[in-house]
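The values are calculated or read from the model by the stated rules, or taken from the named source; none is laboratory data. All of these numbers come straight from a predicted model, not from anything done at the bench. No Cβ is skipped: glycine too gets one built from the backbone with ideal geometry, and neighbour counts run over all protein chains shown. These accessible areas exclude ligands, DNA and RNA; they are computed on the full protein's heavy atoms, side chains included. Shrake-Rupley method; radii C 1.70, N 1.55, O 1.52, S 1.80 Å.
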Amino acid sequence: MNKFKNATAVITGAGSGIGRALAISLASRGCHLALSDVDIKTLEETRNLISHYAVKVSLSQLDVADKEAVFNYAQNVQTEFGSINLVINNAGVALSSGTFENTSLEEFEWLMSINFSGVLYGTKAFLPLLKQADWGHIVNISSLFGIIGVGGQSAYNASKFAVRGMTESLRQELDKTSPTVSCTSVHPGGVKTKIAANSRGGDKRPKKGDAFYMGEPEDFEKLAATTSESASEQILNAVIKNKRRLLIGKDAKLMDWVQRHFPNRYPSIFFGIVKLLSGKK
Ligand SMILES: NC(=O)c1ccc[n+]([C@@H]2O[C@H](COP(=O)([O-])OP(=O)(O)OC[C@H]3O[C@@H](n4cnc5c(N)ncnc54)[C@H](O)[C@@H]3O)[C@@H](O)[C@H]2O)c1
């Protein structure tokens, strides 16, 4: 049975990467789509890629960090589509501003407002609407960096650990209280997308030889282990199987294992692997 046929899905950050791949895969399965992104141009490109599917698609320019806009958007989607089954809080950004001391409060707040508050608002605004449907599921995109702490990534780590904590807590509550709505915390390792190329950091970005250097942003797409298409298939399968947690990619599975078995030594193992990979390119 195709769970997604004639269902309605909401995807934030659908103009690129994992969000775009999810939109394409869901459209091919007959799912109606409320797509949003802060960048309307790339969102229109996504729509062009799915225009041959017989599904209803709405496009909205939405900044997930804008609380009022997200709550208004949720009501508009409910009015337009009648019912909502799947919400994928996917929009996110990266920051390569070096160490915690080099990262300004403004940079911290900017990143948290998108990567954490955006997910919080999306979850809060849509949960009551999902409860009105036959079935409902929330997918919150955290990261491998929501499982391991990484030097030079304090703000991103904070946001992704927060997404995981909130989602795991909500999942326990929904398991006890809601027979029709569930949620999944998703932890991708490297996925070949524009996230690194679009990251902020400027001159503060760690350089080759610096302690927390993780390679050049333009090389990220080559080095990342997983394609967006594969990531999106795994996410939709996790919804079908109602998984609590999804790790995406061999890198995420390996580092999850390493941090559980070597909780004090995993950082040096992680940067050893990064050095090996970025030296290879
Ligand atoms: N690519 C990876 O390796 C990787 C790994 C772990 C987690 N993730 C997470 O996956 C999610 C998707 O990222 P991606 O890799 O596809 O990156 P991407 O840069 O290709 O796509 C992110 C999308 O989010 C949009 N966006 C950015 N700020 C926004 C805002 N304020 N409001 C609405 N939309 C906004 C961008 O315009 C873009 O279309 C993010 O949450 C990211 O943190 C990615």
> Inside the stretch 186-204, can you point out the residues that are more than 11 Å from the ligand (Cβ to nearest atom) and out of contact with any Leu (no Cβ under 8 Å at 6 or more places or on another chain)?
Replying inline: G202, D203, K204
> Listed residues K41, K56; which is farther than 18 Å from F126 by Cβ and charged (D, E, K, R)?
Replying inline: K41
>> Just to be sure before I move on: is R164 more than 16 Å from the ligand (Cβ to nearest atom) and of a type in the set (K, R) in the structure I sent?
In response: no
>> Quick check on L95: is it open to solvent by less than 20 Å² (accessible area, probe 1.4 Å), within 21 Å of the chain's Cα centre (by Cα), more than 10 Å from the ligand (Cβ to nearest atom) and closer than 30 Å to P206 by Cα?
In response: yes
>> As an exercise: evaluate W135 against (1) open to solvent by less than 20 Å² (accessible area, probe 1.4 Å); (2) under 18 Å from I11 (Cβ atoms); (3) of a type outside the set (V, I, T) and give the number of the one condition it does not meet.
In response: (1)
> Of all the residues that make up the stretch 186-204, how many are open to solvent by 20 Å² or more (accessible area, probe 1.4 Å) and on the phi > 0 side of the Ramachandran plot?
Replying inline: 1
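Results for (1) away from the ligand (no atom under 15 Å from the Cβ); (2) open to solvent by 20 Å² or more (accessible area, probe 1.4 Å); (3) in contact with a helix residue (DSSP H, G or I) (Cβ under 8 Å, 6 or more places away or on another chain); (4) over 23 Å from I18 (Cβ atoms), shown as yes or no for each residue.
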site	(1), (2), (3), (4)
T184	no, no, yes, no
P206	yes, yes, no, yes
M214	no, yes, yes, no
L246	no, no, yes, no
> Pick from the stretch 1-38 the residues that are within 9 Å of the ligand (Cβ to nearest atom) and on the phi > 0 side of the Ramachandran plot: which of them is surrounded by the most Cβ atoms within 10 Å (Cβ to Cβ)?
Replying inline: G13
> Does K41 satisfy the criteria of being surrounded by fewer than 17 Cβ atoms within 10 Å (Cβ to Cβ), away from the ligand (no atom under 16 Å from the Cβ), within 16 Å of A23 (Cβ to Cβ) and not polar (S, T, N, Q)?
Replying inline: no
>> I'm trying to understand the selection: among the residues of the stretch 117-163, which are of a type in the set (D, E, K, R) and over 30 Å from S104 (Cα atoms)?
In response: K131, D134
>> Can you find, within the stretch 216-225, the residue that is modelled with the highest pLDDT among those that are more than 8 Å from the ligand (Cβ to nearest atom) and surrounded by 15 or more Cβ atoms within 10 Å (Cβ to Cβ)?
In response: A225
> Can you find a residue in the stretch 227-235 that is away from the ligand (no atom under 12 Å from the Cβ), within 18 Å of S185 (Cα to Cα) and either touching a Cys at 6+ places or on another chain (Cβ under 7 Å) or assigned to a loop (DSSP other than H, G, I, E, B) (or both)?
Replying inline: no
